[in-house]
1. Measure off 7 Å from each Cα along the Cα-to-Cβ vector at residue 382 and residue 421, then give the distance between these two points in nanometres to one decimal.
2. In what sequence, largest accessible area first, do 420, 122, 61, 543 appear using a 1.4 Å probe?
3. Let me check something: with ligands and nucleic acids excluded, how do 217, 366 order by accessible area (1.4 Å probe), largest to smallest?
4. Which value results when the Cα radius of gyration for the stretch 479-563 is divided by 2.2 N^0.38 Å?
5. Quantify, in whole percent, the carbon and sulfur part of the accessible surface of the stretch 1-157 (1.4 Å probe; protein heavy atoms only).
6. With every protein chain left in place, what is the accessible area per residue of the stretch 63-113 in square angstrom, probe 1.4 Å?
7. Anything over 23 Å Cα to Cα? Flag those among 26/258; 212/258; 26/100, in the order listed.
8. Sorted by accessible area (1.4 Å probe), largest first, how do 86, 535 line up?
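The values are calculated or read from the model by the stated rules, or taken from the named source; none is laboratory data. Computed from a prediction, not measured in an experiment: that's the story for all the values here. For neighbour counting, all protein chains shown are included, and Cβ atoms are generated from backbone atoms with ideal geometry for every residue, glycine included. The accessibility values were calculated without ligands, DNA or RNA, using every heavy atom of the protein model including side chains. Shrake-Rupley method; radii C 1.70, N 1.55, O 1.52, S 1.80 Å.
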Amino acid sequence: MIVKETRIKTGSGHKALAAHVLRGEKNEAILVREGSEYWLKDWVKEAKREGLTYGLRHIAFNPEQVMTDPELSGFADRLCEELGADKASRTLIIHQKDGKRHGHLVLPEWQHDHVVSSRFSFMRLEKVARLEEIRLGHPLTAGRHDAAIANALRKEGKQSEAELVEALIPGDASLPRAAYTSQARRMTERQAVDLPALKKAITALWQRSGEKLPAFRRLLQEQGLVMREGERQATRPGAHIIETADGTLIGSFTRLTKTRMKDFRALLMQEALPAEEPCRVRPVAARARRVSPHRARSPRALPPEAMIMPLRTRQRHRPTVTSLNQTHHLNPGFAHYLADWKKEVARCEQIIRQNPLSVYGPVPTRDQVFQNVLTETRPLRLRLKRAKETLDLAHQERKAAYASLFGGLTGRQNRADEAFEKAMLVLAEILFHLIETLLYLFGLRAEPPPPLTLPVPTERERSLKNYYKQNRTYMAVLLDKERRLDLLRVLYRKSMTRRQEEQSKAETAYKPTLEAAQNRLRQLKQLPSQHKDLDEATRKAFFRAQHAGQLEQALMILRAQAYKTTDPRKEFFRPETEATIRQKPAPNPQLNRKLSSTPSPF
């Protein structure tokens, strides 16, 4: 039984694997025992969510002898047990091809809380396959890890199974190797080439040739195949590959024929040695036949003990002229050499024939250039003409609006100005684009100008657009909690700074008013007791002012009396720093006439 394991990357997805295991066209029958394509899709999504490199694990097992569906399902159970995978989360598909059945087991890499074990998985899967063959009584298949499998079985206490596996180990310590990889097989299938059939045919041809390279090359040529040196001669010197006549790679010679590289190099050296010339004995009578009959004589009798030495003659090679297009008659290696030689010659001739100035083409005449430019710019010139007509109409409307008597009152002038501004901007944009297009057509500009953006926004529209962008920014800030708190902190600091500045200015401006109010309040509080020290005439004038309701006149009388004395009360009558506001005298009911606002000196 052959078991192969492949890990599917998460980035590759599930579609290619699903198309192969669920819709394989070359299968006679497909039986889906467990799972579906939706499971594969969900497993890949889960692997992406967990950030895994691999999302699926594909295990294909192909028994040598016929196995029933329950037996294949039981073998899949034992594979899951070996890898520690959940049996309920798996997809099992059975294919039937050429009357034989094989299975495909797909497991998710992420198993609930861990990844499926991949430590020495190839050896462990081969161990399960050997145990299954022993259990079913099938012939054992030799593998590359038989020695390691035998040691593992001994550690598990399975001595009899270990001895059966040890018998598969070759005596020359050469490990089995696959003739081709699964990837190579899929590539050849896409190119309509049956790789297993070709591998069997090549093995049969190698046996027919007696393991001789010249005969093997002739047999390959009869089958339409070519054997030549590989491309990686620097890393693998002497390696040869086999491919079809159209260049489809089949595989390496050593891998397909199971030949060691050491033996293959010896065969190459033997093939390179010159072939031994056959020994020919020239009879003596042959020379006598070529001489003249007159000079002919009877051959001389030689003694019986004479020794006849073979005459060595140089082989005459007649050169043949072979066409370079008929290389199938030549050596495959030399034919490949001629193919590469023709490609290189064609490349050099193309470089020689190429002229750097040919990319520009023939030099056009001036009329041709002008005609091409006028053809290319015709749509722009038409748009420019229409824009000019629109501008003229807007200009006439603007003149009429300013000439109208009520143009400013009805808003006609503003509308005319806005229309004139828009027409002017459109005309300027089209004119600029036309000039840039001319520069590009004449080759004075590397790239074509950007497309026209019409209508052109005015200054007012641009300011409104900027205002909208600014408001949108403020809205985004106010709706975001963190950014809103930052904005409020900044505004609070600015408001505190501005408040301190305004408070300082207000205090400076209010200080004189405050001092004047304090001085006047002191005067008013001392006013009722000041008439005691006045003379009779001044006291009568003071009382008349009181009864007339003239406070300012009473204060002036007391101030004048204070300056007349030798010791004026400067503490009471201090000079005011700010002009006092003259108050309107209270109305006197005893007087019928209207009192003057100017205080009387009495």
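1. 3.2 nm
2. Heavy-atom accessible area, descending, gives 122, 543, 420, 61.
3. These residues rank, largest area first, as 366, 217.
4. Relative to the 2.2 N^0.38 Å estimate, the stretch 479-563 comes out at 2.20.
5. That fraction is 51 percent.
6. 40 Å²
7. 26/258, as the Cα separations exceed 23 Å there.
8. Result, largest first: 535, 86.
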